[in-house]
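Have a look at the structure below before the remarks.
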Amino acid sequence: MAASGARTAAIIGGGVIGGGWAARFALMGWNVRIHDTDRDAERRINEVIDRARAAMPGLWDVALPDEGRISFHDDLAEAVEGAEWIQESVPERLDLKHEIYAAIQGACTEAAIIGSSTSGFRPSELAEGATRPGQIVVAHPFNPVYLIPLVEVVTGPGTGTARIDRIRSTLRDIGAHPLFLRREIDAHIADRLLEAVWREALWLVSDGVADTAEIDDAIRYGFGLRWAQMGLFETYRIAGGEAGMRQFLTQFGPALKWPWSKLTDVPELTDELVETIASQSDAQSGRRSIAELERIRDANLVAILRGLKARDWGAGRLLNAAERRIGGAPRSLDALSLTSPLPTGARAVPLDWSDQNGHMTEHRYLQAFGDATDRFLALVGCDDDYIACGHSYFTAETHIRHLAEVRAGARIEIDTRLLLAEGRRLRIFHRMWEDSRLVATGEHMLVHVDLESRRAVMPPPELQDKLARVAKAHAHLPEPEGAGAAVGRPPERQPDPQE
Ligand SMILES: NC(=O)C1=CN([C@@H]2O[C@H](COP(=O)(O)OP(=O)(O)OC[C@H]3O[C@@H](n4cnc5c(N)ncnc54)[C@H](O)[C@@H]3O)[C@@H](O)[C@H]2O)C=CC1
Ligand SMILES: C[N+](C)(C)CC(=O)CC(=O)[O-]
């Protein structure tokens, strides 16, 4: 259920791209109204949103806001009324887009932002004949919109700085990376680059130099890996050796004029060439359905993005910045009730945490519980600053129980009970929940250490005091089921004081 006060986006045209926008907005907590003239659109969009639910929340190590409400509207005016952001994603035909803007502007507020997903049109073309030209901007996304962060934004002279600020903050709010173009050109930046590569690839097939699989291999085994993390210029700077970009241009500049490539010539898309490309593509990928390829693509993208996130680099740095804005569990003990276990984690299970059995793989439970331990320790005062001063806790023993299956995309929550804080030792008990279902428990013994001597030492009085506060409150809670159990053996029964 959407949080009350959720913001509203309207999506006009719910195909491949509109469906992706709908998913990104909704999973970031916005209410989303969709208008599409095709009766089958609702089914298709629901499939896109289901895929996004499995993939997108797992990009972050904190829980996203509650999902917004998604509704479908036959009437365009009803969909856009009062919406803050209206994203047009109808087919790439200027006459159709003009018709849609007239209808949108007749029903939306003046404050609304109208973004167009257009791959190639300039804002001046889109706004021809519009009532309020400055309201229409290019917001060009990349497929799948719910995973690829880039949105190219092209504004016009009438957009105004206040609207530009809102465009920037809204796109950041939904986890996207707005790249504002300095001026309008056909096909913006990325599609201009992509078209150059695409044209060359078509020539290579047309000339019989390579087939579609070989061309894809040249990209994915090679420069595609570099592009995903450093782009073009930073990659080539390194390739120039110690003298960097100047040397690179001196060494490889002349080749640009030989030329190696076919420049702007376009191969004629004859029936024969279309058949050659389509049948090579069938041979390359036809054993898998498009839906299967989409799932593989999403899982790979999540793994790549999470890899970059761990490195705090490129698109991964953007994810970390968004994570800090979204926030996680409370950071202060004072903000929490001690009469129940402490909340120490809420997140989605990322796609790349799933194994061949189709559920969360075992070492990820330790990761999730390890993160919860860190959060528990931070709450009682053993945070990054404390550790930087030379003391920490080391885990000495762990017992994880897997009680029910958890699948990729599931939202899990962890709470933590302090069972013992005695001298240098700390015993904690985590419970992992999916909704109200207990899916796993993790019991850990930790030892307080001096990071210089690497030996166990007593925690300082402030830390002992906080631990004692939590231990005293948690002592009133019932013993958690499974605490103290050994592998394959239930816990020893505690004597009942009433007996
Ligand atoms: N497919 C891609 O890879 C990308 C496409 N784009 C751009 O996004 C826009 C949409 O492209 P796709 O999603 O690929 O097309 P699509 O054909 O998958 O979706 C278009 C949707 O618009 C609906 N539609 C048609 N006329 C309509 C009307 N009068 N009112 C409401 N809905 C209507 C159709 O029923 C369809 O569901 C285009 O401008 C395209 O250039 C941008 C980035 C990538
Ligand atoms: C093929 N395309 C021009 C519609 C592609 C795009 O606009 C962006 C993308 O997702 O590659």
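For this structure, a couple of remarks:
- Residues that are under 19 Å from SER116 (Cα atoms), within 16 Å of ligand 1 (Cβ to nearest atom) and within 27 Å of the chain's Cα centre (by Cα), drawn from the range 175-193: ALA176, HIS177, PRO178, LEU179, LEU181, ALA187, HIS188, ILE189, ALA190, ASP191, ARG192
- Whichever residue in the range 74-97 is open to solvent by 50 Å² or more (accessible area, probe 1.4 Å) and farther than 23 Å from ARG24 by Cβ and, among such residues, is nearest to ligand 1 (Cβ to nearest atom): ARG93
- Checking GLU443 against (1) farther than 30 Å from GLY409 by Cβ; (2) part of a strand (DSSP E or B), the condition it does not meet: (1)
- Taken over the range 279-290, residues that are assigned to a helix (DSSP H, G or I) and surrounded by 10 or more Cβ atoms within 10 Å (Cβ to Cβ) amount to 7.
The rows are residues; the columns are (1) farther than 10 Å from ILE70 by Cβ; (2) hydrophobic (A, V, I, L, M, F, W, C); (3) open to solvent by less than 20 Å² (accessible area, probe 1.4 Å); (4) in contact with a Gly (Cβ under 6 Å, 6 or more places away or on another chain).
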residue: VAL16; (1), (2), (3), (4): yes, yes, no, no
residue: TRP21; (1), (2), (3), (4): yes, yes, yes, no
residue: ALA26; (1), (2), (3), (4): no, yes, yes, yes
residue: ASP36; (1), (2), (3), (4): yes, no, no, yes
residue: ASP40; (1), (2), (3), (4): yes, no, no, no
residue: ARG44; (1), (2), (3), (4): yes, no, no, no
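- Among residues of the range 351-365 that are among the β-branched types (Val, Ile, Thr), those with a Cβ under 6 angstrom from a residue that is surrounded by 12 or more Cβ atoms within 10 Å (Cβ to Cβ), sequence gap 6+ or separate chain, pair up as THR361/ASP355.
- Test: LEU147 is within 16 Å of ligand 1 (Cβ to nearest atom) and outside any helix (DSSP H, G or I): yes
- Selection over the range 77-127 of residues that are in contact with a Pro (Cβ under 9 Å, 6 or more places away or on another chain) and either not assigned by TED's automatic domain parsing to the domain that holds GLY18 or not small (Gly, Ala, Ser) (or both) gives a count of 4.
- Criterion (within 15 Å of ligand 1 (Cβ to nearest atom) and modelled with pLDDT of 95 or more) met by exactly one of SER117, SER124, SER169: SER117
- One residue from LEU342, LEU333 being modelled with pLDDT under 95 and either surrounded by 15 or more Cβ atoms within 10 Å (Cβ to Cβ) or charged (D, E, K, R) (or both): LEU333
- Pairs, first more than 13 Å from VAL406 (Cβ to Cβ) in the range 418-447, second assigned to a loop (DSSP other than H, G, I, E, B) and charged (D, E, K, R), C-beta under 6 Å, six or more apart: VAL447/ARG424
- Filtering THR264, THR276 for residues that are outside any helix (DSSP H, G or I) and not acidic (Asp, Glu) leaves a single hit, THR264.
- Considering the range 167-253, the qualifying helices (runs of 4 or more DSSP H), each wholly inside and each with 3 or more residues that are touching an Asp or Glu at 6+ places or on another chain (Cβ under 8 Å), run over 190-206.
The values are calculated or read from the model by the stated rules, or taken from the named source; none is laboratory data. Predicted, not measured: the structure shown is a model, and the values here were computed from it. All Cβ positions, even for glycine, are placed from backbone atoms using ideal geometry, and neighbour counts span all protein chains on display. Just so you know, the surface numbers come from the protein's heavy atoms only, side chains and all, with ligands and any DNA or RNA stripped out. Shrake-Rupley method; radii C 1.70, N 1.55, O 1.52, S 1.80 Å.
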